[in-house]
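Engineer: Got a structure for you, written out below as structure tokens; questions coming shortly.
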Amino acid sequence: MHDVDVQYGKCFSDANETAVTLLHVAASLGLVSMAERLSVIPDAFIASSLTDLDGQTPAHLARSRGNLATAAVINRLANQHTAFDSSEYDMIRDAILTCALKPT
């Protein structure tokens with residue numbers, strides 16, 4: 001697995017914490033197994049707080065599509081906050097937003 005590519009592959013509009021992450025893809029398509037695999041990646045809970053271009057987090061997107069089992073996995077991930085200081089959280093969030101492909 002390519003950590004950065006697989007963890008945080010996404011497209012985003014600009015650097016304002018708006019992203020389409022792989023977690024959003026799993027949420028949209030109801031891919032429970034994919035969400036579970038993504039959830040074991042260190043610091044993946046940060047991706048669970050990013051919003052897509054429509055302002056939805058992965059959990060919101062899963063629920064709106066009726067993918068309740070996927071939403072449950074993502075909610076568990078979102079609640080796995082570890083002891084971060086804010087500068088470490090900001091550094092990881094910035095890295096997620098930086099390694100992305102802008103839509104054409």
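The values are calculated or read from the model by the stated rules, or taken from the named source; none is laboratory data. Fair warning: this is a prediction, and the values are worked out from it, not measured in the lab. As a convention, Cβ positions derive from the backbone with ideal geometry for all residues, glycine included, and neighbour counts pool all protein chains shown.
Engineer: Would you mind telling me which numbered condition in (1) under 23 Å from Gly66 (Cα atoms); (2) surrounded by fewer than 21 Cβ atoms within 10 Å (Cβ to Cβ); (3) polar (S, T, N, Q); (4) modelled with pLDDT under 90 Ser13 fails?
Structural biologist: Going through (1) under 23 Å from Gly66 (Cα atoms); (2) surrounded by fewer than 21 Cβ atoms within 10 Å (Cβ to Cβ); (3) polar (S, T, N, Q); (4) modelled with pLDDT under 90 one by one, Ser13 breaks only (1).
Engineer: When both residues are 6+ apart or on different chains and their Cβ atoms are under 9 Å apart, which pairs have a first residue that lies in the range 27-40 and is at positive phi, and a second that is surrounded by fewer than 16 Cβ atoms within 10 Å (Cβ to Cβ) and assigned to a loop (DSSP other than H, G, I, E, B)?
Structural biologist: Close Cβ pairs (under 9 Å, with a partner that is surrounded by fewer than 16 Cβ atoms within 10 Å (Cβ to Cβ) and assigned to a loop (DSSP other than H, G, I, E, B)) amount to Gly30/Arg65; Gly30/Gly66.
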